[in-house]
């Protein structure tokens, strides 16, 4: 699949992010609302928002994205807030390529580490496997974080 990447958010990304996140069936409505709020804040405040994006496009269509930003209480750690591929494009390596491009962008910004979190629910087993395959190390598990029986897994990727 021929992919291109862009890092400058556009007004149409608000609707597209909502579509991409909703398409997966992984997220609650309130989580989708958070994803949309982050792009809106970036469009409104620019880089001052602290939110950065990488969009993956195929034949002019946005098929996945990441949202990340520096952790303001650290010297060079970044947080990966979202990585999502549209359901119709999953399993084609887009997530891996998005992550590689995100790592490249973070390095350009002086980042040396990325922290990602995900759910411990069975539904998220492929997500946890994806992070592990991508060189992320599970550093912590917080039991019952999201809800009873829904642990929070924290993964770390050291870039330097």
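Values in this text are rule-based calculations from the coordinates and carry no lab data. These numbers come from a predicted model, not from an experiment. So basically every Cβ, Gly included, is an ideal-geometry build from the backbone, and we count neighbours across all protein chains shown.
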Open item on the list: Please rank 16, 158, fewest neighbouring Cβ atoms within 10 Å first, as an exposure proxy.
Closed with: 158, 16
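Just want the ordering: 34, 63, from fewest to most Cβ atoms lying within 10 Å of their own Cβ.
Values: 34 14, 63 22.
With the fewest neighbours first, 34, 63 line up as 34, 63.
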TODO: Before rounding to the nearest 500, sum -39500 (n - 2.57) across all DSSP H runs of length at least 4 in the chain and divide by the residue total; then give [θ] at 222 nm in deg cm²/dmol.
DONE: -10500 deg cm²/dmol
Task: Stretchable slack from residue 123 to residue 148, in nm (0.36 nm times residue separation minus alpha-carbon distance) - done: 7.5 nm
Open item on the list: Taking 8 Å as the Cα distance limit and 6 or more residues as the minimum spacing, I'd like the relative contact order of the chain as a percentage.
Closed with: 18 percent
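Report the full-extension gain for the segment residue 160 to residue 100: residue separation times 0.36 nm, less the Cα-Cα distance, to one decimal in nm. Walk me through the numbers on the way to the answer.
On the way: separation 60, 0.36 × 60 = 21.60 nm, distance 1.41 nm.
Extra length available between residue 160 and residue 100 comes to 20.2 nm.
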- [ ] Order by neighbour count: 101, 47, fewest other Cβ atoms within 10 Å first, most last.
- [x] 47, 101
- [ ] Kindly give the semi-axes, whole Å and largest first, of the ellipsoid equivalent to the stretch 4-112, taking each as the square root of 5 times a Cα gyration tensor eigenvalue.
- [x] 21, 16, 13
Open item on the list: Need one number: nm distance between label points at residue 132 and residue 34, each 7 Å from Cα along Cα→Cβ, rounded to one decimal.
Closed with: 2.4 nm
